[in-house]
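Below: one structure in structure tokens.
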Amino acid sequence: MSVVFSADGQQIASGSGDRAVKIWDATTGECQQTLEGHSAGVTSVVFLADGQRIASGSDDGTVKIWDAATGECQQTLKGHSAEVRSVEVSADGQRIASGSDDGTVKIWDAATGECQQILNGQSAGVTSVVFSADGQRIASGSYDHTVKIWDAATGECQQTLEGHSFEVTSVVFSADGQRIASGSYDNTVKIWNAATDECQQTLEGHSSGVTSVVFSADGQRIASGSGDDTVKIWDAATGECQQTLKGHSAWVTSVVFSADSQQIASGSGDDTVKIWDAATGECQQTLEGHSTWVTSVVFSADSQRIASGSGDSTVKIWDAATGECQQTLEGHSSGVMSVVFSADSQRIASGSNDGTVKIWDA
């Protein structure tokens, strides 16, 4: 259910409902390692900053840290009493944050596996967790309709952002850490002042739940995907909807900006990936080849390639300019829920409902 690249781009890790994590050579597509040990599906996978280790969260309530070269499980982080929904690593690679259906966020020492902080305060499960770029704060979204901002060092809840009327599905910091964007099944995106808890903008226009939210690299725009089959591009300062990207025939599951913010890629329940011009809203490419819904979409760091994960159990690598499918990565036995490139774009990681994470050569 999760896919991520290593920082050097040479490997991909994927987690799956089949309980395994797989490591793939991002250049050749060869599966280098299958990391087995979880007793339920893998929901989230992330590389640590050094690219040598992988952290995976699972429906079995644990986080595991793996050696990406040998496949050895180095640490099993136990403490959650329900499914782990989201795992994030601080930029310096020293800490891991995990959000769970038990309503807590836990902060772990990535070297020792020690739980440093338990962040209590959400009254329902945590759906999304993210570090600020400087690693000093964590934001969490929850089924309880709120976003909370936490001091990552002390575990103190600094802000509770209230205003959504349904569960929060996606939370993201702006690059400068001054704002947070949250998407919700109440059909809105909200932009918050991360210091004061003020809701600066409520972005209304979607006619169904918001599934994915992302800032552009410069923080000037936000893209949101929705169950109404559209992607919307918003001015982050004014809240104005600049573009509505129409073309998908089913819900949009995943939205991402390219590194230069000139393009947007979206994955959908219509089995396709679409590439859009972020300035004009024009659909530049429709990437067809998956046999069922696309769950996760990510650009490589140089924006030249796109990786997509699908319920058809495959990961596909596409040429972002031509739309050509360069590789189909086969090996999962159930749907791929998350895909990510490594920083150097040479590897892809995929997480799946088969309980595994795979790392591929891109």
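None of the figures in this text is laboratory data; all of them are computed from the coordinates on show. No experiment lies behind these values; they were computed from the predicted model shown. Here the Cβ is made from the backbone with ideal geometry for all residues, glycine too, and neighbour counts use every protein chain on show.
For the peptides 293-302, 148-157, 236-245, what is the packing order when you average, over each peptide's residues, the other Cβ atoms within 10 Å and list the highest mean first? Please list the in-between numbers first.
On the way: 293-302: 23.3, 148-157: 17.3, 236-245: 15.8.
Top to bottom by mean Cβ count within 10 Å: 293-302, 148-157, 236-245.
Please list, in chain and number order, the residues 5+ apart from ARG221 or on another chain whose amide H is under 5 Å from its amide H, with Hs placed from the backbone.
SER216, ALA236
Please turn the phi angles of region 316-333 into ³J(HN,Hα) values with the Karplus equation 6.51 cos²θ - 1.76 cosθ + 1.60 (θ = phi - 60°), one per residue in order, whole Hz, x for glycine and proline.
Whole-Hz 3J(HN,Hα) from phi for region 316-333: 10, 10, 10, 7, 5, 7, 9, x, 6, 7, 8, 8, 10, 9, 10, x, 6, 9.
Next question. Each label point is 7 Å from the Cα along the Cα-to-Cβ direction; what then is the distance between the points at ASP218 and ASP235, in nm?
1.4
When the Karplus curve 6.51 cos²θ - 1.76 cosθ + 1.60 is applied with θ = phi - 60°, which whole-Hz ³J(HN,Hα) does each residue of region 235-252 get, with x for Gly and Pro?
Once θ is set to phi - 60°, the couplings for region 235-252 become 6, 5, 7, 9, x, 6, 7, 7, 8, 10, 8, 10, x, 6, 10, 8, 4, 8 Hz.
Next up: Leaving out same-chain residues fewer than 8 places away, which lysines sit with a Cα under 21 Å from that of LYS358?
Straight-distance partners of LYS358: LYS22, LYS64, LYS316.
OK, next. Could you list which residues have their amide H under 5 Å from that of GLN200, counting only those 5 or more apart in sequence or on another chain, with H placed in the peptide plane?
ILE191, TRP192, ASN193
Quote to one decimal, in nm, the extra length available between ALA40 and ASP302 on full extension: 0.36 nm per residue of separation minus the C-alpha distance between them. Write down the numbers at each step before the final one.
Numbers: separation 262, 0.36 × 262 = 94.32 nm, distance 3.46 nm.
Result: 90.9 nm gained on full extension.
Mind jotting down the distance between the C-alpha centroids of region 259-304 and region 193-242, whole Å?
Region 193-242 and region 259-304 have Cα centres spaced 18 Å from each other.
What distance in nm lies between label points placed 7 Å from Cα along the C-beta direction at ALA259 and THR328?
2.9
Okay, next question. Using amide H atoms built 1.01 Å from N in the peptide plane, name the residues 5+ places from GLN116, or on other chains, whose amide H lies under 5 Å from its own.
So GLN116 has HN proximity to ILE107, TRP108, ASP109.
Shifting gears a bit: With the crude spin-label approximation of a point 7 Å out along Cα→Cβ, what separation in nm comes out for THR244 versus ASP109?
Modelled inter-label distance: 5.3 nm.
Normalised by the empirical 2.2 N^0.38 Å for globular proteins, what value does the Cα Rg of the chain take?
Numbers: Rg = 18.3 Å, N = 362, 2.2 N^0.38 = 20.6 Å.
For the chain, the normalised Cα radius of gyration comes out at 0.89.
While we're here: Ordered by residue, what ³J(HN,Hα) values in Hz, to whole numbers, does region 87-98 give under the Karplus form 6.51 cos²θ - 1.76 cosθ + 1.60, where θ = phi - 60° and Gly and Pro are x?
After applying 6.51 cos²θ - 1.76 cosθ + 1.60, I find 10, 9, 10, 5, 4, 7, x, 8, 10, 10, 10, 10 Hz.
Sticking with this one: Which length gain, in nm to one decimal place, applies between THR76 and SER165 when the Cα-Cα distance is subtracted from 0.36 nm times their residue separation? Write down the numbers at each step before the final one.
Numbers: separation 89, 0.36 × 89 = 32.04 nm, distance 3.58 nm.
Extra length from THR76 to SER165 when fully extended: 28.5 nm.
Counting only DSSP beta bridges with both residues in the chain, tell me the antiparallel percent, nearest 5. Write down the numbers at each step before the final one.
Working: 122 of 128 bridges.
Roughly 95 percent of the DSSP beta bridges within the chain come out antiparallel.
Let me ask you something else. Quick one: if the Förster radius is 41 Å, what FRET efficiency do ASP319 and GLN94 give, using the C-beta to C-beta distance and rounding to 0.05? Walk me through the intermediate numbers first.
Values: r = 36 Å, r/R0 = 0.89.
That pair, ASP319 with GLN94, gives E of 0.65.
Rounded, prolate or oblate, given the Cα gyration tensor of region 100-231, with a/c below 1.5 counting as rounded? Write out the running numbers ahead of the final one.
Numbers: a/c = 1.89, a/b = 1.52, b/c = 1.25.
In terms of gyration-tensor shape, prolate.
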